[in-house]
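The values are calculated or read from the model by the stated rules, or taken from the named source; none is laboratory data. Just so we're clear, the structure is a prediction, and the values are computed from it rather than from any experiment. Positions of Cβ are backbone-derived with ideal geometry, glycine not excepted, and every protein chain shown enters the neighbour counts. Side chains included, ligands, DNA and RNA excluded: accessible areas come from the protein's heavy atoms. Shrake-Rupley method; radii C 1.70, N 1.55, O 1.52, S 1.80 Å.
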Amino acid sequence: EVNKRVVWSILIPSVPARMKQGLSLMAKITAQIPAQTGIEVLLLADNKMRTTGAKRNALFAMAQGEYFCFVDDDDDIKDYYVSRILPLIDPQDKTLAPPPDVVCFPVECWVNGQFGMTETDVLNVDEDWRPEVGVKRKPGLVHVWRRGLFGGLWFGDKMFDEHDKFYVPAMARVKNVA
């Protein structure tokens, strides 16, 4: 019998000009998903008639997962992204620990043409970017969040920095971090 429970929604916002990247990312993600694990991958391509925030809100409204994350069409993920996260949010032995509110992990990134690493934790505060040492940041889009933290929260209706209105209040609700 097919597992009807949706554990995790992986949400990909895109635009037609980057549809090739969006579809490639979607294929990379779906190739990592074991059969009958309750993971959905949703891609929303829009012709820039919506702000980034409105697009994220539409994807979030469509998502059915108990957990969710956003992976933008110009992002990349490791080949083990799903296999490392899934056991944390849907463990075989549900008696071991309380489920996490957010799954934090290091993120490789390019800032101003320089490669570096971010360390994420809800207790971090943003620091100046230094490629040689990275930066400590709060978790964000690509990290995996328990949907229940976000009751009544929506992304700001703007093109950039839309995520602060969404994630900052949710971080105050976090009790368990993986």
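Within the option set ALA31, ALA35, being farther than 29 Å from PHE160 by Cβ, without any contact (Cβ under 8 Å) to a residue 24 or more places away in the chain and within 18 Å of the chain's Cα centre (by Cα) holds for one residue only, ALA31. Say we look at region 133-143 and pick out the residues that are part of a loop (DSSP other than H, G, I, E, B) and not β-branched (Val, Ile, Thr); which of these is modelled with the highest pLDDT? Per the stated criteria, the residue is HIS143. What about LYS165, is it part of a loop (DSSP other than H, G, I, E, B), open to solvent by 80 Å² or more (accessible area, probe 1.4 Å), touching a residue at least 12 places away in the same chain (Cβ under 8 Å) and not hydrophobic (A, V, I, L, M, F, W, C)? So LYS165 does not fit the description; no.
Please work out which residue is nearest to ALA54 (Cα to Cα), limiting yourself to region 5-26 and to residues that are buried (at least 21 other Cβ atoms within 10 Å of the Cβ) and in contact with a Lys or Arg (Cβ under 9 Å, 6 or more places away or on another chain).
PRO13
From the list ARG130, ARG146, which one is at pLDDT 80 or above and either out of contact with any Leu (no Cβ under 9 Å at 6 or more places or on another chain) or not polar (S, T, N, Q) (or both)?
Values: ARG130 fails: at pLDDT 80 or above.
Just a single option satisfies the conditions, and that option is ARG146.
None of PRO91, PRO98, PRO87 is under 21 Å from ASN176 (Cβ atoms), not aromatic (Phe, Trp, Tyr) and not in a loop (DSSP other than H, G, I, E, B) except PRO87.
Within region 149-162, take every residue that is part of a loop (DSSP other than H, G, I, E, B) and of a type in the set (Phe, Trp, Tyr) and give me the one that is least open to solvent (accessible area, probe 1.4 Å).
PHE155
Among residues of region 72-88 that are free of Cβ contacts under 8 Å to residues at least 24 places away in the same chain and over 13 Å from TRP8 (Cα atoms), none has a Cβ under 8 angstrom from a residue that is of a type in the set (Asp, Glu) and outside any helix (DSSP H, G or I) at a sequence gap of 6+ or on a separate chain.
Among the residues of this structure, CYS104 counts as one that is in contact (Cβ under 8 Å) with a residue 60 or more places away in the chain and surrounded by 15 or more Cβ atoms within 10 Å (Cβ to Cβ).
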